[in-house]
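S.K.: Encoded as structure tokens, here's the structure I'll be asking about.
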Amino acid sequence: MGPSDRMLLVEITERLKRLGDAVDGVRETQAGIERRLDAIEAEAKANRKALKTSARTTYAQFEDLMALYRLTGPAGPLPRMRDWAAGPELTRYLAEEVAARGGARVLECGSGTSTVVLALVARSLGAGQVTALEHDPHYAAQTRAELEARNLGGWGKVVDAPLTDVDLGGERWRWYDPGLLPHNEIDILLVDGPPGPTGPQARYPALPVLAERLAKDALVVLDDADRPDERAIAARWTDAYPDLVPEHLPHDRGTLLLRRTAP
């Protein structure tokens, strides 16, 4: 092989290498495009699923609100049900429970939207009453004003109940002053306070303090049951009170029911 042949061979080899590199580059680019398309499709699928879930949730909340308006009667607009307030699904559940009982003596730990709605239900039934314990003067005044604006003074009331030290089996807790609690039997106990920032497992004392006042067919409701503190509270309650049958409702923030079935 002469010098010219060798040079030609080198040139061909280099061209083939450049061609191979170009082909590899195209393959790499194609693989990158395919990965990007897969990512776009996955994102689109996730968005479609999220939109469907959101639509279902919105429709369910609309249904809950319509049910509440039917249960409470023509009383004008209901209070807001977002942010810290109980959601429409829980409020509807409570309203239907009160209606199914033909009226109920409800005690709430914490006041707000549910206080007003359940007072409206009691008035529409002509039976029952809701009493809310509230440690925060601002929220107490706000709920009281909502009740007064709807002439619900005879059906719902707010008790100003500052937090104090409560001893439970040697453990000290910050909870509503027991001396301010109503003395009647409780058909429905809604535990939606005190708020978490007041202390770890802040809502735990509700059942130990009030268990003896529960009616034979009482219902205990713990809001925000999917939060870690509330899950710990639920575990302690179910261990301590085996006569109360637990049930979890898949509400927005989770709801725990403990139901005492009359013998």
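The values are calculated or read from the model by the stated rules, or taken from the named source; none is laboratory data. Note that the structure is predicted; figures quoted are calculated from it, not measured. Neighbour counts are summed over all protein chains in view; Cβ atoms, including those assigned to glycine, are modelled from backbone coordinates with ideal geometry. SASA here: full protein model, heavy atoms, side chains in, ligands and nucleic acids out. Shrake-Rupley method; radii C 1.70, N 1.55, O 1.52, S 1.80 Å.
S.K.: Taking the stated definitions as given, is residue 212 out of contact with any Lys or Arg (no Cβ under 7 Å at 6 or more places or on another chain) and of a type in the set (D, E, K, R)? Talk me through it step by step, then tell me what you get.
M.R.: On the way: out of contact with any Lys or Arg (no Cβ under 7 Å at 6 or more places or on another chain): yes; of a type in the set (D, E, K, R): yes.
Against the criterion (out of contact with any Lys or Arg (no Cβ under 7 Å at 6 or more places or on another chain) and of a type in the set (D, E, K, R)), residue 212 qualifies.
S.K.: Just to be sure I understand, how many residues within the range 246-258 are at pLDDT below 95 and more than 19 Å from residue 87 (Cα to Cα)?
M.R.: 0
S.K.: Looking at 168, 120, 152, 180 in this structure, which one is surrounded by fewer than 16 Cβ atoms within 10 Å (Cβ to Cβ) and touching a helix residue (DSSP H, G or I) at 6+ places or on another chain (Cβ under 6 Å)? Lay out the reasoning, then the answer.
M.R.: Working: 120 fails: surrounded by fewer than 16 Cβ atoms within 10 Å (Cβ to Cβ); 152 fails: surrounded by fewer than 16 Cβ atoms within 10 Å (Cβ to Cβ); 180 fails: touching a helix residue (DSSP H, G or I) at 6+ places or on another chain (Cβ under 6 Å).
Testing whether each residue is surrounded by fewer than 16 Cβ atoms within 10 Å (Cβ to Cβ) and touching a helix residue (DSSP H, G or I) at 6+ places or on another chain (Cβ under 6 Å) leaves just 168.
S.K.: Kindly indicate the residue of the range 132-149 that is among the acidic types (Asp, Glu) and under 20 Å from residue 120 (Cβ atoms) and also surrounded by the most Cβ atoms within 10 Å (Cβ to Cβ) among those meeting that condition. Steps first, please.
M.R.: Taking the range 132-149 as the starting set, the residues that turn out to be among the acidic types (Asp, Glu) are 134, 136, 146, 148.
Now restrict to residues that are under 20 Å from residue 120 (Cβ atoms): 134, 146, 148.
Numbers: 134: 26, 146: 22, 148: 11.
The residue in question is 134.
S.K.: Further question on the same structure: Any residue in the range 228-247 that's over 13 Å from residue 207 (Cβ atoms) and open to solvent by 60 Å² or more (accessible area, probe 1.4 Å): show its pairings with residues that are among the basic types (Lys, Arg) and part of a strand (DSSP E or B) at Cβ separation under 9 Å, as long as the two are six or more apart or on different chains.
M.R.: Final answer for the pair search is 245/259; 247/259.
S.K.: Give the residue, chosen from 211, 218, that is at pLDDT 95 or above, in a strand (DSSP E or B), open to solvent by less than 20 Å² (accessible area, probe 1.4 Å) and over 21 Å from residue 89 (Cβ atoms). So that I can check it myself, show each step before the final result.
M.R.: Details: 211 fails: in a strand (DSSP E or B).
That would be 218, the only listed residue that is at pLDDT 95 or above, in a strand (DSSP E or B), open to solvent by less than 20 Å² (accessible area, probe 1.4 Å) and over 21 Å from residue 89 (Cβ atoms).
S.K.: Just to check your reading of the model, which residue among 252, 167, 226, 187 is among the acidic types (Asp, Glu), closer than 18 Å to residue 115 by Cα and not in a helix (DSSP H, G or I)? Steps first, please.
M.R.: On the way: 252 fails: closer than 18 Å to residue 115 by Cα; 167 fails: closer than 18 Å to residue 115 by Cα; 226 fails: closer than 18 Å to residue 115 by Cα.
The conditions single out 187.
S.K.: Could you tell me which numbered condition residue 203 fails, if it satisfies all but one of (1) surrounded by 15 or more Cβ atoms within 10 Å (Cβ to Cβ); (2) of a type in the set (D, E, K, R); (3) part of a strand (DSSP E or B)?
M.R.: Going through (1) surrounded by 15 or more Cβ atoms within 10 Å (Cβ to Cβ); (2) of a type in the set (D, E, K, R); (3) part of a strand (DSSP E or B) one by one, residue 203 breaks only (3).
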